[in-house]
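Read through the structure below, which is laid out as structure tokens, and then see the notes.
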Amino acid sequence: MLNLTGKNALVTGIANNRSIAWGIAQQLHAAGANIGITYLPDERGKIEKKVAELVEPLNPSLFLPCNVQNDEQIQSTFDTIRDKWGRLDILIHCLAFANRDDLTGDFSQTSRAGFATALDISTYSLVQLSGAAKPLMTEGGSIITLTYLGGVRAVPNYNVMGVAKAGLEASVRYLASELGPQNIRVNAISAGPIRTLASSAVGGILDMIHHVEEVAPLRRTVTQTEVGNTAAFLASDLASGITGQVLYVDSGYEIMGM
Ligand code: NAD
Ligand code: 0WE
């Protein structure tokens, strides 16, 4: 049985009730995990207030600001985990960002700065958070990140994010190799397109969703809850033999050739 009782889980990437990270946090909580949340702070504290209200039913025992471009916020997040929890078992990395201009038009016109931003926030952050989590995962652990098919195929307009996801999936393998001897497993979930804050800002996302509904074996898109259930499985002892993998939660879309 899937049981996460007694496990401490840090969930990054909740922006609103459509976030994939919110689906994951709910399923980890349902399986009995103790939940900590980090959010991307804004100047006026509006996001903090909104996310705090949203996650209240999960009784998070930690609620911390963490912009992954800010080394001090990362440091203080993991200092707090050490002080308040003593041990970390589950890390959910569920965030990405590229400049909007870089998600349309010619990939060859991506600027050096735009490329660096996308890979810093979307790729390097997994490496840095994993490095900070490593000394706290003293009884083994499970690190899970979110990726997309655009990291292995050329999906129109995904552009620099595709390169970031390719780097993310390679990072999963190198982290799994390094952390395996400490019984820390590292995996990625490759989700099919879901309407969220990030994806809704992308032109043509509805057409992509309709395409999946027509050609994916299950003839529908996946939900945040389905991704959350897969994350709960990967975080649990049921997945004790799985590391370094990319699991597709995409209604089967990835297997199709026509
Ligand atoms: P979302 O907008 O709800 O989540 C993205 C999160 O990234 C937000 O919570 C935002 O605050 C956070 N973020 C951005 N910059 C940050 C920074 N500097 N520091 C800390 N946090 C930062 O959208 P989502 O679709 O739930 O995206 C979550 C993950 O799922 C991403 O990695 C995305 O690539 C991946 N994904 C999404 C889809 C989809 O179709 N929605 C499909 C496959 C994979
Ligand atoms: O990973 C993603 C979305 C990532 C994303 C989205 C935005 C929009 C707003 C990263 N940065 C930003 N920056 C913004 O300013 N997905 C998997 C969803 C997605 O995005 C696409 C897709 C799909 C699917 C972009 C182009 C084509 C398909």
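The values are calculated or read from the model by the stated rules, or taken from the named source; none is laboratory data. Please read these numbers as outputs of a predicted model, since none were measured by experiment. Neighbour counts run over all protein chains shown; Cβ positions are idealised from the backbone, glycine included. In case anyone asks, the SASA skips ligands and DNA or RNA and just uses the protein heavy atoms, side chains included. Shrake-Rupley method; radii C 1.70, N 1.55, O 1.52, S 1.80 Å.
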Given backbone amide H placed at 1.01 Å from N, residues whose amide H is under 5 Å from that of TYR39, ignoring those fewer than 5 places away on the same chain, are LEU64, CYS66
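For the stretch 185-228, which whole percent of the accessible surface, found with a 1.4 angstrom probe, sits on carbon and sulfur atoms? Could you put the intermediate results ahead of the total?
Working: 1180 of 2040 Å².
Of the solvent-accessible surface of the stretch 185-228, carbon and sulfur hold 58 percent.
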On each of the three principal axes the extent of the alpha-carbon atoms of the stretch 22-161, given in whole Å and largest first, is 47, 35, 30
Ranked by GNM mean-square fluctuation in the chain (Cα springs under 10 Å), the top entry among ASP101, ASP237, ASP120 is ASP101
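Let me know the charge dipole size of the chain about its Cα centre in debye, to the nearest 20, where only the beta-carbon of Lys, Arg (+1) and Asp, Glu (-1) is charged. Provide the component values of the computation, followed by the final result.
Details: 19 positive and 24 negative charges, 44 e Å.
Rounded to the nearest 20 debye, it is 220 debye.
For every other residue with a beta carbon closer than 9 angstrom to the beta carbon of THR221, add +1 if it is Lys or Arg and -1 if Asp or Glu, then tell me the sum.
Values: positive: ARG195, ARG220; negative: GLU213, ASP250.
Charge balance near THR221 sits at 0.
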Residue span LEU238 to GLN128: 0.36 nm per residue of separation minus Cα-Cα distance leaves a gain in nm of 36.9 nm
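Over the stretch 61-219, average the accessible area per residue using a 1.4 Å probe and give it in Å², no decimals. If you can, show how the numbers build up before the last one.
Values: 7470 Å² over 159 residues.
Computed with neighbouring chains in place, this is 47 Å² per residue.
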Ordered by number, the trypsin sites (Lys or Arg not before Pro) in the stretch 173-235 that occupy a DSSP loop and have at most 16 other Cβ atoms within 10 Å are ARG195, ARG219, ARG220
Percent of all Cα-Cα pairs per 5 Å bin for the stretch 1-70, counting from 0 up to the last occupied bin, reads 3, 18, 30, 24, 14, 7, 3, 1, 0
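In cubic angstrom, how much convex hull volume per residue do the alpha carbon atoms of the chain span?
Numbers: hull volume 33.0 nm³, N = 258.
It comes to 128 Å³ per residue, whole-number rounded.
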Under the helix-only model (-39500 (n - 2.57) for each DSSP H run of 4 or more, divided by the residues of the chain), the mean residue ellipticity at 222 nm, to 500 deg cm²/dmol, is -12000 deg cm²/dmol
A correct Karplus calculation of ³J(HN,Hα) over the stretch 70-86, with 6.51 cos²θ - 1.76 cosθ + 1.60, θ = phi - 60°, whole Hz and x for Gly and Pro, returns 10, 4, 5, 5, 5, 4, 6, 4, 7, 4, 5, 4, 4, 6, 8, 9, x
Contour minus Cα-Cα span, PHE63 to THR104, at 0.36 nm per residue, comes to 11.3 nm
A 1.4 Å probe over the protein heavy atoms gives the stretch 45-151 a carbon and sulfur accessible-area percentage of 49
